[in-house]
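Here is the structure we will look at.
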Amino acid sequence: MSSVSARLLSLTGVLFALCVLPARPGFPSEPTMPNPHAHFMQAPQCPRCHIYDGAKLVPDRVATASVDFCLECHTAEARGMTHPVKVHPVGKFNRMKVPPEYRLGDGDYIICLTCHTAHGPFLSTVRTFAGQAPDITGNGPNGAPLYRTYYLRRTNPSGEGFEALCEGCHKVP
């Protein structure tokens, strides 16, 4: 066997071993929960939610039809109890004021993106609410636990639950 063939065979063995051996302990691994909204970063998906004027994106307007896009994955069974969508916030509660950072769909309808943002991070080192348990332990910076963000537009890490979000519109007297 020539020295070139022997080197090639050795190199192949080393590469194979690197592929099949487990990672060394102490090296942080990738989070085990991938971002389920990663597909929103693909340009062909933009028109499913965003409104365009001709070929130009209108960044402050979102389609009410985006609810249908959300419901392709977030079925009624999976969501459980949820907020009504495709409704006007002033229909029943004419004193309700929707904060400016809460997006309404075209025609001023409440949509999924009123309370949630599809482009935010899936996991964070900051809790969404005080009693929240981590979804992944030890995978954040410096081994910090990671918490699900629920893509909420408002959170309160010291609060009991989702009050910070809900009270944006539903003010308690």
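Yes or no: A23 within 30 Å of G143 (Cβ to Cβ), at pLDDT 85 or above and surrounded by fewer than 12 Cβ atoms within 10 Å (Cβ to Cβ)? It is false that A23 is within 30 Å of G143 (Cβ to Cβ), at pLDDT 85 or above and surrounded by fewer than 12 Cβ atoms within 10 Å (Cβ to Cβ). Listed by first and then second residue, the pairs with beta-carbon distance under 8 Å, at least 6 apart or on different chains, first residue in region 104-115 and free of Cβ contacts under 8 Å to residues at least 40 places away in the same chain, second outside any loop (DSSP other than H, G, I, E, B), are I110/V87; T114/G105. Of all residues in region 156-168, none satisfies being of a type in the set (D, E, K, R) and within 17 Å of the chain's Cα centre (by Cα). Working only within region 32-63, note down all residues that are surrounded by 13 or more Cβ atoms within 10 Å (Cβ to Cβ) and either touching a Lys or Arg at 6+ places or on another chain (Cβ under 6 Å) or among the charged types (D, E, K, R) (or both). Listed by number, the residues that qualify are R48, I51, R61, V62. Filtering region 55-106 to residues that are at pLDDT 90 or above, farther than 20 Å from L152 by Cβ and small (G, A, S) leaves A63, A65.
The values are calculated or read from the model by the stated rules, or taken from the named source; none is laboratory data. Since this is a predicted model, take the numbers as computed values, not measurements. All Cβ positions, glycine included, derive from the backbone under ideal geometry; neighbour counts span all protein chains shown.
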